[in-house]
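The values are calculated or read from the model by the stated rules, or taken from the named source; none is laboratory data. Remember, predicted model here, so these are calculated numbers, not experimental data. Cβ atoms come from the backbone with ideal geometry, glycine included; neighbour counts cover every protein chain shown. In case anyone asks, the SASA skips ligands and DNA or RNA and just uses the protein heavy atoms, side chains included. Shrake-Rupley method; radii C 1.70, N 1.55, O 1.52, S 1.80 Å.
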Amino acid sequence: MKNNFNYLRISITDRCNLKCKYCEVNPSSKLRPEDILSFEEIAHIAGLAADIGVKTIRITGGEPLVRKSITGLFKMLSSIKGIDEVTFTTNGLNLDKYAEELYSAGVRRFNISLDSLDPQKYHNLTGGGNLDKVIKNILLCKNIGYSPIKMNVVALKGINDGEIFNFIDFASQNGIILRFIELMDITSGAKEFFDRHFISINKIKEIIESRYKISTAKPESAAITGAGPAVYYAIDNGLKIGFISPVTDHFCANCNRLRLTANGILKSCLLRPGEINLMKLIREGASKEELQKTIKLVFDTKEKACGKFCENNTMFSNMSQIGG
Ligand code: SAM
């Protein structure tokens with residue numbers, strides 16, 4: 001098995017308190033609570049994954065902070081032998097409820113998704129999100145001590161490509177690492193949105209270069225480079241910017257992750273159907289050895305299958321279901 005398959009991304013719910021225009025366009029019927037992995041089941045799977053090399057876990061969703069009592073899950077995952085770090089990705093709206101207790105539980109960093117710094121635009125794009133609250137929550141987390149905070153911006157032509165310097169100013173002033181992500185054509189019902197609003201990372205770099213010099217960064221720590229596909233550069237005001245180009249520069253060859261959906265499907269790639277239903281196996285009483293063998297199989301499938309991200313994609317779904 002490739003020893004760089006060390007990252008597990010776990011969606012803990014398919015529910016979200018936002019409705020972003022490119023993420024969940026045709027709402028599917030939501031999973032019933034009994035069809036979602038319990039925290040104990042998630043920890044069981046994470047423990048088995050850790051035994052075969054997973055070191056980093058990212059909790060996502062849906063919106064992970066809408067699931068009740070999530071601090072308990074972070075505590076369970078952090079205590080697993082072999083797991084170096086547990087982080088999460090959030091839209092930030094519920095951070096005020098959980099930031100203190102998650103920090104006390106040992107969580108030190110997270111990624112926040114924020115595609116506009118214009119309150120009205122943010123409201124429209126997210127189906128009702130309150131930008132003021134998100135910004136207050138980011139500042140609250142800075143004060144608590146979270147570091148680094150990474151801000152994920154899905155680059156959208158005609159929507160936020162005129163805000164790039166605002167994002168840079170905001171990130172620079174608040175000590176945040178900024179990351180631009182290409183919009184992926186994977187959301188069922190959002191093809192028109194993709195065609196109208198896709199903009200490449202190269203174009204975003206060109207816009208940045210009209211004001212700043214970009215040089216290859218030498219990130220000081222793995223906390224900045226992280227375990228993901230972003231390529232980081234510094235601009236000449238000192239800010240680190242990550243660029244994630246799933247569409248124009250496939251990074252499959254370097255992809256180190258497996259995904260576990262809220263209903264227990266283990267996926268080797270965003271664009272492959274789920275290979276294995278671990279929840280079903282667990283509930284049918286599968287042994288530790290059987291489960292481990294199955295997880296390894298998905299790792300192996302990944303090794304063989306990678307390299308065609310988005311090129312021939314026929315796998316349309318909702319990111320809220322898979323855990324973007
Ligand atoms: N609710 C959390 C959040 O907002 O960060 C976590 C789940 S959300 C599905 C995770 C990430 O997926 C967000 O940064 C979102 O912008 C991104 N995402 C969703 N659909 C996408 C698409 N079609 N292309 C690129 N990124 C997408």
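Computed quantities for the displayed model
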| read-out | value |
| --- | --- |
| Segment 58-78 residues that are over 21 Å from Leu48 (Cβ atoms) and within 16 Å of the ligand (Cβ to nearest atom), paired with ones that are part of a loop (DSSP other than H, G, I, E, B) and basic (Lys, Arg) (beta carbon under 6 Å, 6 or more apart) | Gly62/Arg15; Val66/Arg15 |
| Residue that is farthest from the ligand (Cβ to nearest atom), among those in segment 185-206 that are open to solvent by less than 40 Å² (accessible area, probe 1.4 Å), in a loop (DSSP other than H, G, I, E, B) and of a type in the set (A, V, I, L, M, F, W, C) | Ile199 |
| Lone unmet requirement of (1) without any contact (Cβ under 8 Å) to a residue 60 or more places away in the chain; (2) among the basic types (Lys, Arg); (3) within 27 Å of Ile282 (Cβ to Cβ) for Lys97 | (3) |
| Selected residue [part of a helix (DSSP H, G or I), within 16 Å of the ligand (Cβ to nearest atom) and either in contact (Cβ under 8 Å) with a residue 24 or more places away in the chain or open to solvent by less than 20 Å² (accessible area, probe 1.4 Å) (or both)] from Phe180, Phe167 | Phe167 |
| Restricting segment 159-200 to residues that are aliphatic (A, V, I, L, M) and closer than 15 Å to Lys240 by Cα, the residue that is nearest to the chain's Cα centre (by Cα) | Ile181 |
| Qualifying strands (runs of 3 or more DSSP E) (wholly inside segment 208-324; at least 3 residues being at pLDDT 90 or above and within 16 Å of the ligand (Cβ to nearest atom)) | 240-244 |
| Criterion: more than 16 Å from the ligand (Cβ to nearest atom) and open to solvent by 20 Å² or more (accessible area, probe 1.4 Å) - qualifying residue of Lys21, Lys97, Lys81 | Lys81 |
| Some residue of segment 116-133 being of a type outside the set (Ser, Thr, Tyr), within 24 Å of Asn237 (Cβ to Cβ) and within 12 Å of the ligand (Cβ to nearest atom) | no |
| Test set (1) without any contact (Cβ under 8 Å) to a residue 12 or more places away in the chain; (2) open to solvent by 30 Å² or more (accessible area, probe 1.4 Å) - Ala286 fails condition number | (2) |
